[in-house]
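J.: Got a structure for you, questions after.
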Amino acid sequence: MRGGATDRARPDDDRVHEHLEAMPAFLDGLYLTDTLTDLASDLGRGILTLPEEALAAHRLSEADLLACRWTPQAEALIADLTERAHDWLDQPALQRGVHPGMAVLLRTSTDLFRARVRTARRLGPALLHRTAELSPAVRFRLFAPARVRAVRAWRRAALAQPAAEPMATLPEPRREADPAFLPPVPPRPHPSGERAPDIPAERLPRHVGIIMDGNGRWAAQQELPRSEGHRVGSDATRDVVHGALELGLSHLTLYAFSTENWRRDASEVARLFRTMHDTLRDGDLRSLDVRLRWAGSPEGLPVDLTEALRQSARDSRHRTGLTLTLCVNYGGRAELVQAAAGLARAAVAGELDPDHIDERLLAAHLPHPHLPEVDLLWRTGGEHRISNFLPWHLSYSELHFTDTLWPDVDRRDLWRAVTAYTHRGRRHGAARTVEGASAWKGAAV
Ligand code: IPE
Ligand code: IPE
Ligand code: MG
């Protein structure tokens, strides 16, 4: 009897725990959005409430911001904070298991606050001088349908039992037990004892993208099934992440599964997903100072993998070291189509004049508007193509191709790729090397 009752209670408990996890992130998102929206008026009163660790991570002093100087560091800080707020507000778990009317209210608040974050981001330097307000058209577009949905939901479910209040009876989540608040451990050194080259931060590529290719051929060479190539390849991935942290990279994006990879044998695909799932769950990446993101579509992916990706992103949202974006079920062209559709929708809703569409606006409509341009693209496995990887962000990347098959790679290959990058002269169309992107001669290739 007792056992039966406990079993029936379990799904509710799971949901409550899900809510307890999602709620602090959502509240952090609300608070950060408010802080960013009102930044100009706070600065005008000599008040600065942005997180200190974020200021330190972007090498900004309070005085710089209070003087309302829009420096590259200030721009990077705002990009970082708006990205965080946007992520933290995305807590679909909060809408599960609540009254449908409540779910509409939560969804609408989320959309509203996320729209405020995007407005703050789009203001650029003006954010230091004026409040980021939503246009009446955007407010109307959000509220009008929500009102109708909420009324319908309350009518339909007016007599439903009010939800119990489990939050009051459960203990507060222990912050120190929450993986999001555990202090990160430093990266493990490479077994060879080799250390990362000492490259000054301003010479490092801000964003490195890697097409991790060659797992299948590696497995064939060893007379193993292709899935073994993916499994050993995941060890290489882990080592490269440790190496990226040692080097001090701020953004690393890894191509793990493309929308075209569905053309493979179903059993290879299923095993590959299992390997990814195990890698995400095994605790090594979680313990590091890595903020994990996922780019790609959930369509067709196993639910436990999408859950693991989302959970890892939630748990690591407070990390500030390396932003690691995993491209899983990712297609670059699909992303451009989404941006185009978003712009078209905004134009039809009267929120934007098509004559005002420029590169910045298109970039702001990409699914990951905060992902910086890729400075260095590295592909292993001997192929010289980009295979639908980040077409927007790669337009001015330095390209680096190596023949090594991915499972044979370790962090020292990443260090060599980055060191080679420091010797490139980046001109961006100018006749001379562009300031800040010139070749740095301090490290040997
Ligand atoms: C890269 O290795 C991993 C994925 C594309 C999922 P491959 O599996 O493409 O390896 P090769 O190119 O067949 O050797
Ligand atoms: C690109 O590798 C995709 C990933 C690394 C995830 P592929 O092996 O799928 O690319 P093609 O087929 O050689 O272009
Ligand atoms: Mg391949």
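J.: Suppose only helical runs count, i.e. DSSP H with n ≥ 4. What mean residue ellipticity at 222 nm does that imply for the chain under -39500 (n - 2.57) per run, divided by all residues and rounded to the nearest 500 deg cm²/dmol?
T.: -15500 deg cm²/dmol
J.: Ranked highest first by average number of other Cβ atoms within 10 Å, how do 22-33, 183-194 line up?
T.: 22-33, 183-194
J.: Take peptides 73-82, 380-389 and line them up by average Cβ neighbours within 10 Å, highest first, as a rough protection proxy.
T.: Top to bottom by mean Cβ count within 10 Å: 73-82, 380-389.
J.: Same structure again: Rank-order 42-54, 224-236, 360-372 by packing density, defined as the average count of other C-beta atoms within 10 Å over each peptide's residues, highest first.
T.: Ranked by mean Cβ neighbours within 10 Å, highest first: 224-236, 360-372, 42-54.
J.: Along the charge dipole of the chain, which of Leu376, Ser192, Leu366 sits closest to the positive end, that is, farthest toward it, with unit charges on the beta carbon of Lys, Arg, Asp and Glu (+1, +1, -1, -1)?
T.: Of the candidates, Leu366 comes out farthest on the positive side.
J.: Follow-up. If you bin every alpha carbon distance in segment 199-437 into 5 Å steps from zero, what whole percent lands in each bin?
T.: Bin by bin from 0 Å, the calculated values are 1, 6, 13, 17, 19, 17, 13, 7, 4, 2, 0, 0.
J.: Compute, for the chain, the length of the dipole vector about the Cα centre, with Cβ point charges of +1 (Lys, Arg) and -1 (Asp, Glu) only. Units Debye, rounded to 20.
T.: That gives the chain a dipole magnitude of about 960 debye.
J.: If the convex hull of the alpha-carbon atoms of segment 236-348 is projected onto planes in all directions, what is the mean projected area in square nanometres?
T.: So the Cα hull casts an average projection of 8.2 nm².
J.: So between Val303 and Tyr396, what do we pick up on full extension, going 0.36 nm a residue minus the alpha carbon distance?
T.: Using 0.36 nm per residue and subtracting the Cα-Cα distance, I get 29.9 nm.
J.: Using 0.36 nm times the number of residues separating Ala54 and Glu359, minus their current alpha carbon distance, what extension gain do you get?
T.: 107.1 nm
J.: Can you tell me the convex hull volume per residue for the chain, based on C-alpha atoms, in Å³ to the nearest whole number?
T.: 193 Å³
J.: Cα-based Rg (one decimal) and Dmax (whole number) for segment 11-156, in Å?
T.: Over segment 11-156's Cα set, Rg and Dmax evaluate to 17.4, 55 Å.
Readers should treat all values here as calculations from the given coordinates under stated rules, not as data from a laboratory. Computed from a predicted model, the values in this text were never measured in an experiment. Note that we place each Cβ from the backbone using ideal geometry, even for glycine, and neighbour counts take in every protein chain shown.
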